1. Most mobile of A:Ser13, A:Ser157, A:Ser253 per a Gaussian network model of chain A (Cα springs, under 10 Å)?
2. Give, rounded to the nearest 20 debye, the magnitude of the charge dipole that segment A:160-200 has about its Cα centre when Lys and Arg contribute +1 at Cβ and Asp and Glu contribute -1 at Cβ.
3. Counting Lys and Arg as +1 and Asp and Glu as -1, each charge on the Cβ, what is the dipole of the protein assembly as shown about the Cα centre in debye, to the nearest 20?
4. Using θ = phi - 60° and the Karplus curve 6.51 cos²θ - 1.76 cosθ + 1.60, what whole-Hz ³J(HN,Hα) does each residue of segment B:241-256 get, with Gly and Pro shown as x?
5. With labels modelled as points extended 7 Å from the Cα through the Cβ direction, what inter-label distance (nm, one decimal) is found for B:Glu246 paired with A:Glu238?
6. Do the sum for chain A: with -39,500 (n - 2.57) for every DSSP H run of n ≥ 4, divided by all residues, what is the mean residue ellipticity at 222 nm, to the nearest 500 deg cm²/dmol?
7. Explain nothing, just the number: dipole magnitude of segment A:9-123 about its Cα centre with +1 on each Lys and Arg Cβ and -1 on each Asp and Glu Cβ, in debye rounded to the nearest 20.
8. For segment A:240-304, what D do you get in µm² per second when you plug the Kirkwood radius from alpha-carbon pairs into Stokes-Einstein at 25 °C and 0.890 mPa s?
Number of protein chains: 2
Amino acid sequence: MNKFQVTILGCGSAMPTTLHNPPSQLVEMNEKLFMIDCGEGTQLQMRKFKARISKLHSLFISHLHGDHIFGLPGLLSTLSLLGRTNDLHIYAHKEIQLLLKPLLIYLGNHMQFKILHHPLNPDQHELLFENRSIRIESFPLKHRIATNGFLFMEKESPRHMIREMIDAHQIPVKEIQSIKLGADFTRKDGIVIANDRLTTPGNPARTYAYCSDTAYTTDIIPRIKGVDLLYHEATFAETEKVRAEETYHSTASQAAEIAKLAQVKRLVIGHYSSRYNELGVLLKEAVEVFPATELAIEGKVFEL
Amino acid sequence: MNKFQVTILGCGSAMPTTLHNPPSQLVEMNEKLFMIDCGEGTQLQMRKFKARISKLHSLFISHLHGDHIFGLPGLLSTLSLLGRTNDLHIYAHKEIQLLLKPLLIYLGNHMQFKILHHPLNPDQHELLFENRSIRIESFPLKHRIATNGFLFMEKESPRHMIREMIDAHQIPVKEIQSIKLGADFTRKDGIVIANDRLTTPGNPARTYAYCSDTAYTTDIIPRIKGVDLLYHEATFAETEKVRAEETYHSTASQAAEIAKLAQVKRLVIGHYSSRYNELGVLLKEAVEVFPATELAIEGKVFEL
């Protein structure tokens with residue numbers, strides 16, 4: 001199976017602490033490296049966790065709160081110093097231009113690569129990127145300002161040919177592609193070999209959903225239904241439920257409730273308020289509702 | 001003596017590494033906290049080294065290369081989140097407005113404090129700040145873009161009264177201030193007591209000079225002559241002397257040469273190129289020229 005993994009670079013929230021960096025994640029799929037959010041120090045975290053910065057394909061910015069974007073100047077500057085020439089795609093709300101434009105003027109003389117900004121639609125579900133094997137979508141979250149969640153999806157791969165059957169039935173090379181796509185094979189002697197004798201199922205189409213920052217909202221469930229891995233913010237514990245509502249954030253048990261309703265396979269919680277030196281309470285509250293919950297932590301890699 | 005100390009928050013250079021953060025220092029004098037330069041992650045370093053972020057009085061930005069300023073958005077945002085109301089003075093080249101202006105528009109709605117930007121004169125020596133006990137000056141360095149060094153000076157303190165002499169000679173309170181400033185005291189019986197029997201010398205006026213980034217230039221010597229502590233960049237070792245010249249940086253032995261010519265008491269070197277995993281070679285080359293050299297390192301505190 002192709003590599004599909006999520007690395008946590010930062011899982012704190014607005015107020016940085018000595019325990020957690022501001023939000024950022026790397027999603028690696030099929031030799032492509034995607035970044036979600038880019039809080040201050042993200043490029044330093046990439047170095048710490050030995051991420052291959054040159055492989056960075058594009059950036060997905062959920063919303064324009066400082067803790068999700070203040071690592072951009074340093075990251076872009078370093079990509080420039082490293083001699084990047086490939087275009088860099090940034091998917092972010094249109095207002096990022098307020099900060100991006102002067103930054104690009106500032107960096108402009110030295111940059112050998114283009115930044116292509118794709119404004120996100122904050123109001124509806126949207127396809128952002130697609131190639132032969134990957135599909136990336138955005139969808140609205142419920143926060144104080146326009147905020148998007150992201151869905152990283154593999155496309156279902158063709159079925160795997162059983163090599164031994166090629167020789168056994170003398171299957172010509174030109175037939176193989178259609179067999180991988182599900183066709184049966186008719187031998188010269190007229191005997192039909194059913195596809196499921198010739199192939200094994202293709203790789204399942206794995207999916208990862210990122211939901212941060214957001215208040216509790218079941219509106220997102222159709223978008224994240226059944227994903228293999230869900231990252232959902234859990235800024236607060238239940239004792240701070242009112243505060244969560246006021247600030248359009250979620251509690252750990254609300255995150256777990258969403259995971260349960262959406263029937264996802266695994267949940268990762270993060271975006272911890274700086275008041276929690278110890279995350280046990282958040283994990284405990286989430287696990288009570290949705291047992292397959294794990295804590296995000298800087299440097300942790302979640303394999304799909 | 002009043003506290004006068006320099007804390008290294010970052011002593012790397014343009015390319016961040018896992019060993020060194022981008023440049024930033026804190027100068028604490030007389031209960032006031034001054035910051036020099038503010039590379040990405042500076043606010044995180046302040047937390048790590050338990051600096052009292054609320055005490056921050058003003059910022060001095062040597063020049064507008066990204067490694068010296070990309071920590072500003074996060075720092076200003078955090079000061080705002082912490083509810084700062086005191087004005088914050090930023091001494092920096094006038095072109096910082098290109099980045100500061102959109103940032104302040106971005107942060108504007110929430111900020112309860114004013115940013116007062118004082119444009120630095122890149123061409124000549126200038127007084128930036130003065131109060132009863134402190135004087136801060138800037139002076140030109142020699143770099144690819146307009147760059148300033150900074151001089152933090154204590155004013156000489158009044159002489160210290162010897163308490164026992166107040167009783168012994170029945171000195172009235174109203175006379176004490178003039179005695180501290182050097183006056184003799186005439187007793188009621190007409191006997192004159194010389195000042196040096198009544199007082200001990202005041203604290204020496206200590207000085208700290210910051211010189212980064214800069215090529216080797218003896219032009220700065222009149223400004224930094226005899227300082228107690230000199231921070232001078234030492235980006236390269238002697239093997240990279242040509243590269244140092246091309247990029248308007250200094251080698252370790254050039255930094256030491258400046259320290260020697262300026263007859264400073266102690267030298268601290270920093271702004272290490274990312275190529276040096278091990279700093280022994282830089283220290284060795286500097287010590288050969290100027291023995292009282294130390295290496296800057298994140299978290300290290302230099303007491304004056």
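Values in this text are rule-based calculations from the coordinates and carry no lab data. Treat the numbers as computed from the prediction; the structure is a model and nothing was measured. Glycine also receives a Cβ, built like all others from the backbone with ideal geometry; neighbour counts cover every protein chain displayed.
1. It is A:Ser157.
2. 100
3. Working: 68 positive and 68 negative charges, 1 e Å.
Around 0 debye, computed over the protein assembly as shown.
4. Once rounded to whole Hz, the list reads 4, 5, 4, 4, 4, 4, 9, 6, 10, 10, 8, 4, 6, 5, 4, 5.
5. The answer from the label model is 6.5 nm.
6. Working: 10 runs with 76 residues, N = 304.
It comes out at -6500 deg cm²/dmol, rounded to the nearest 500.
7. The dipole magnitude comes to about 420 debye.
8. Calculated translational D: 199 µm²/s.
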